[in-house]
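Structure first, commentary second.
The values are calculated or read from the model by the stated rules, or taken from the named source; none is laboratory data. All values reported here derive from a predicted model rather than from experimental measurement. Here Cβ is always computed from backbone atoms with ideal geometry, including for glycine, and neighbour counts include all displayed protein chains. Keep in mind that these areas ignore ligands, DNA and RNA; they rest on the heavy atoms of the full protein, side chains included. Shrake-Rupley method; radii C 1.70, N 1.55, O 1.52, S 1.80 Å.
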Amino acid sequence: MSSEVRRAAQILRAGGLVGFPTETVYGLGADASSEKAVVRLYAAKGRPADHPVIIHFASAEQAFAWAREIPHGARELAQRFWPGPLTLILKRSTLAKDFVTGGQDTVGLRVPSHPVARQLLKEFAGAIAAPSANRFGKVSPTTAAHVRQDLGKDVELVLEGGPSEVGIESTIVDLSGAAAVLLRPGSISKEALETVIGSLAEKAATSPRHSGGLERHYAPRTPARMVPAHALDKEISKGKSVAVLAFSRPDERVDFWLRMPREPQAYARRLYAALRELDSAGCEQILVEAPPGGDEWDAVRDRLKRACEQA
Ligand code: TXA
Ligand code: MG
């Protein structure tokens, strides 16, 4: 156990905030049992108080203590995917207070796999509330440096854990109702989930609110547009200064061009750092070449849609 991790656990016990790596994105952690700490967390993020936050645990056993009903499917998913990039929404137990659930009767639970997150959770020996460590509505951080850039003095300590392996937020499955619902696509695909629990319903308009469900989210400051590959050339010809995120080779008329991998997991890993780079290029507009249509691109497509203005 490193001394940094011990210091981080002390900060959490004292009601402070700690940035820490997870396999998906970096989290901004606070003691999930302390209202004061969670209020500070929301203030640092600039997040509305009625938005629920995901609670992180060292083990499934600890996580399930925060739920009052644990359906069979939840145990099976936990068995298969925890520790890992999956969040389960379950009916809350009395441990999950209104200040972490946004006043809802459900709670979001996750057991991350990143070794530094696991060390921190073990050392702290409690539940850590942690949204992504960015300001509300902005691009999530995938390195410790991103967290420092975004949150500056508002975070007492950021644990270093290298670039996030997955690169986009966890898959969220809601098991609090009659049917299992996929609330947020992620690196664990719908198909992989269905092999464990059978068919998953699509997100309904009435599903519980969650900030990942807002139309525009994970957004850079520069206006971004998604265009099909065949329309890229026409957009570039309009002569605006553009920064481009594409699969194809750079066009010599464009000064800032990032070429992305054609494999969805590699694309996801690179995505948020790429959006940050495009944003700091100082162009009038960001152009994003639309990814292919297959299911394996669902999670990437979801994040890109939220980063872009709806055309
Ligand atoms: O990968 C992740 O999940 C990262 C890392 C840090 O673990 N965390 C993350 O947290 O993305 P956050 O707070 O930025 O996004 C959590 C999503 C939000 O859309 C939140 O509203 C939703 O989970 N959520 C949490 N509890 C919920 C609940 N009871 N019902 C519905 N949605 C919930
Ligand atoms: Mg977030």
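For segment 26-120, list the helices (runs of 4 or more DSSP H) that sit wholly inside it and hold at least 3 residues that are under 26 Å from Leu157 (Cβ atoms); which are they?
By residue number, 35-45.
Working only within segment 178-213, note down all residues that are modelled with pLDDT of 95 or more and within 13 Å of ligand 1 (Cβ to nearest atom).
Val181, Leu182, Leu183, Arg184, Pro185, Gly186, Ser187, Ile188
Taking Gly46 as the residue in question, decide whether it is of a type outside the set (Asp, Glu), surrounded by 16 or more Cβ atoms within 10 Å (Cβ to Cβ) and at positive phi.
Values: of a type outside the set (Asp, Glu): yes; surrounded by 16 or more Cβ atoms within 10 Å (Cβ to Cβ): no; at positive phi: yes.
In short, no.
Looking for whichever is under 13 Å from the mean Cα position of the chain (by Cα), away from ligand 2 (no atom under 15 Å from the Cβ) and part of a loop (DSSP other than H, G, I, E, B) here; the options are Glu169, Glu165, Glu160. Which one fits?
Glu165
Report every pair of residues separated by at least 6 positions or lying on different chains whose Cβ atoms are under 8 Å apart, first residue within segment 272-290 and of a type in the set (Lys, Arg), second buried (at least 17 other Cβ atoms within 10 Å of the Cβ).
As it stands, the answer is Arg276/Val139; Arg276/His146; Arg276/Pro220, since those pairs meet every condition given.
Just give me the residues in segment 176-185 being touching an Asp or Glu at 6+ places or on another chain (Cβ under 9 Å) and either assigned to a loop (DSSP other than H, G, I, E, B) or open to solvent by less than 20 Å² (accessible area, probe 1.4 Å) (or both), in sequence order.
Ser176, Ala180, Leu183, Pro185
Can you tell me how many residues within segment 285-304 are in contact with a strand residue (DSSP E or B) (Cβ under 7 Å, 6 or more places away or on another chain), farther than 23 Å from Asn134 by Cβ and not in a strand (DSSP E or B)?
Adding up the residues that qualify gives 1.
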